[in-house]
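Visitor: Quick one: structure below, then a few questions.
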Amino acid sequence: MLPSVEITTVLELAEAPFHNLHWTKKIELSLDCFVCRRNGRTTMLEYGSEEGICSGDSAFPRHPAAARISAFDVTSEETRTTLRVVAEHWWAPFDDTKHQQPSVALTSAPWVRLYLGYLCPAPGSAGGKFSTQTNLVRPSSYRCDQCGETLARSDEAPRLRLLP
């Protein structure tokens, strides 16, 4: 079975000097992995790659995962930026080898981390990056590591939805 997961998140943009804030095409997503037969594994995905990387565990280390990002859409307005990602992954039923719990198409405790980058306009400054994820306390603010300006605010956790 090839289920798809839609991930949507919105960040409110601050009125800081222009920092060229942008979503990076990399995510981390919790999936039940039929290769290592473990539930809730962190799977790293990058847009354009044909496979992901499952974090594995001590008994079965990192390995390729049958997962990929099939859509990566950004909508930016003056006061907000919205990211919509669709991730596809191969799923087959199994029982977790450690906890003997059945797998599900969207793991029982879905979690995602999304990455952003920016370029600070202050003289002599460099770029930076930060991430937002489902299990942060909200609202959350993100600041530039160089000049300290607030870049964005997250009022709601990213939403994950299993597509039919």
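Visitor: Among the residues of the range 80-88, is there at least one that is β-branched (V, I, T) and more than 19 Å from Y47 (Cα to Cα)?
Guide: Within the range 80-88 (the criterion being β-branched (V, I, T) and more than 19 Å from Y47 (Cα to Cα)), the answer is no, since none of the residues qualifies.
Visitor: On to the next question. Name the residue, out of S125, S103, that is more than 22 Å from E28 (Cα to Cα) and of a type outside the set (V, I, T). Explain how you work it out, then say what you get.
Guide: Details: S103 fails: more than 22 Å from E28 (Cα to Cα).
Only one candidate passes the filter, namely S125.
Visitor: Would you confirm, using the coordinates I've provided, whether L29 is farther than 25 Å from P121 by Cβ and not in a strand (DSSP E or B)? Can you show your working first?
Guide: Values: farther than 25 Å from P121 by Cβ: yes; not in a strand (DSSP E or B): no.
Answer is no for this residue.
Visitor: I'd like to know if the range 106-113 contains one or more residues that are among the polar types (S, T, N, Q) and either within 16 Å of E6 (Cα to Cα) or free of Cβ contacts under 8 Å to residues at least 60 places away in the same chain (or both).
Guide: For the range 106-113, residues among the polar types (S, T, N, Q) and either within 16 Å of E6 (Cα to Cα) or free of Cβ contacts under 8 Å to residues at least 60 places away in the same chain (or both): present.
Visitor: S141 is checked against (1) surrounded by 15 or more Cβ atoms within 10 Å (Cβ to Cβ); (2) modelled with pLDDT of 95 or more and fails just one. What number does that condition carry?
Guide: Result: S141 fails condition (1) only.
Visitor: Aromatic (F, W, Y) and under 17 Å from A14 (Cβ atoms), is that true of F130?
Guide: When the stated conditions are applied, F130 passes them.
Visitor: What's the total number of residues in the range 1-49 that are at pLDDT below 95, within 30 Å of T79 (Cα to Cα) and of a type in the set (F, W, Y)?
Guide: Selection size over the range 1-49: 1.
Visitor: Mind checking which residues of the range 144-160 are open to solvent by 80 Å² or more (accessible area, probe 1.4 Å) and closer than 21 Å to V5 by Cβ?
Guide: Scanning the range 144-160 gives E156, R159.
Visitor: Also, I was wondering about something else. Quick check on my filter: what residues within the range 128-138 are under 17 Å from I27 (Cβ atoms), open to solvent by less than 90 Å² (accessible area, probe 1.4 Å) and assigned to a loop (DSSP other than H, G, I, E, B)?
Guide: Residues satisfying the conditions are T134, L136.
The values are calculated or read from the model by the stated rules, or taken from the named source; none is laboratory data. Since the model is a prediction, treat every value here as computed from it, not as a measurement. Glycine also receives a Cβ, built like all others from the backbone with ideal geometry; neighbour counts cover every protein chain displayed. Heavy atoms of the whole protein, side chains included, go into the accessibility calculation; ligands, DNA and RNA do not. Shrake-Rupley method; radii C 1.70, N 1.55, O 1.52, S 1.80 Å.
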